[in-house]
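What follows is a short report on a single structure.
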Amino acid sequence: MKKAVILFWSNTGNTEKVALHMQKGMEEGGFQTSLLKVQEAGDIDFYNFDLVCIGAPSYNWHPPKPVVDYLKGKFNSYKKEGRVKVNAPKIPGKNALIFCTYSGPHTGIREAVPAGKYMGQFFEHLGFTVVDEWYILSEFHGSEENSTLGRMGNIKGLPSKEDLERIKESAKNLVLRL
Ligand SMILES: Cc1cc2nc3c(=O)[nH]c(=O)nc-3n(C[C@H](O)[C@H](O)[C@H](O)COP(=O)(O)O)c2cc1C
């Protein structure tokens, strides 16, 4: 059975909801999945999985510090083991999926794309193929202004039930083709 790990960091629950629906979809698609908070991921080996998913909110168009620290730590230990190679040759069957929730008050999705690209680069350097990046518009919990008056308009209640259902279906379809 193919295996996926879904790593995520979430402070107000948006990214966690997305991660949970991804897991449901991937299980429906026949993958064995583990869902882990970044802070509880410990020493998992990315190379033990066919698909590594990592998700985080955008904080000032970056991943939050605990996510950056985690990825840097993993990267440095793989580097010491000689697994980071010039040219970053792709390792067949090793895939990564990046997901990032954001509220886009100022510049829309461009608030999130740099965070997603940044996370993806770690996997590219480790020889993984980044199969996709998902950006999910989400309520800015705790900020009425950012949830109603920003560039994306009223984003309260997002991701919606329908958004989460779509995420589940997309996750299922993604693993079915891996
Ligand atoms: C400190 C902080 C900084 C944020 N910076 C941004 C940002 O630069 N751009 C953006 O679109 N959303 C920003 N947000 C909104 C979050 O990315 C968004 O609400 C996200 O879905 C929260 O995820 P979570 O519920 O999983 O913690 C920020 C939120 C916080 C708390």
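Bear in mind these aren't lab numbers, they're just calculated from the coordinates by the rules spelled out. Predicted model, so just to flag it, every value in this text is computed and none were measured. Positions of Cβ are backbone-derived with ideal geometry, glycine not excepted, and every protein chain shown enters the neighbour counts.
Rounded to the nearest 5, what is the percent of antiparallel bridges among the DSSP beta bridges in region 3-176?
Details: 1 of 27 bridges.
About 5 percent, rounded to the nearest 5.
Along the charge dipole of the chain, Cβ charges K/R +1 and D/E -1, which of GLY153, PHE75, GLY104 sits furthest on the positive end?
PHE75
Given the alpha-carbon gyration tensor of region 3-176, what are the semi-axes of its equivalent ellipsoid in whole angstrom, ordered largest first, with each equal to the square root of 5 times an eigenvalue? Don't jump to the answer; show the numbers that get you there.
Details: eigenvalues 148, 69, 35 Å².
Sorted largest first and rounded, they come to 27, 19, 13 Å.
Please give every one of the aspartates and glutamates within straight-line cross-link reach of LYS90, meaning a C-alpha to C-alpha distance under 14 Å, and leave out same-chain neighbours fewer than 8 residues apart.
Candidates past the 8-residue exclusion: ASP50, GLU124.
Can you give me the angle between helix 113-125 and the longest principal axis of the chain, using Cα atoms only, in degrees from 0 to 90, rounded to the nearest 10?
That works out to roughly 10 degrees.
Return the distance in nm (one decimal) between the two label points of a simple spin-label model at GLU144 and ASP45, each offset 7 Å from Cα along Cα→Cβ.
Here the answer is 5.3 nm between the modelled labels.
Please compute the modelled spin-label separation between ILE109 and LYS85, points set 7 Å along Cα→Cβ, answer in nm with one decimal.
Placing both labels 7 Å beyond Cα along the Cβ direction yields 3.3 nm.
May I ask you to list the lysines whose Cα is less than 17 Å away from that of LYS85, ignoring any residue fewer than eight positions away on the same chain?
Hits, sequence-local ones excluded: LYS72, LYS74, LYS94.
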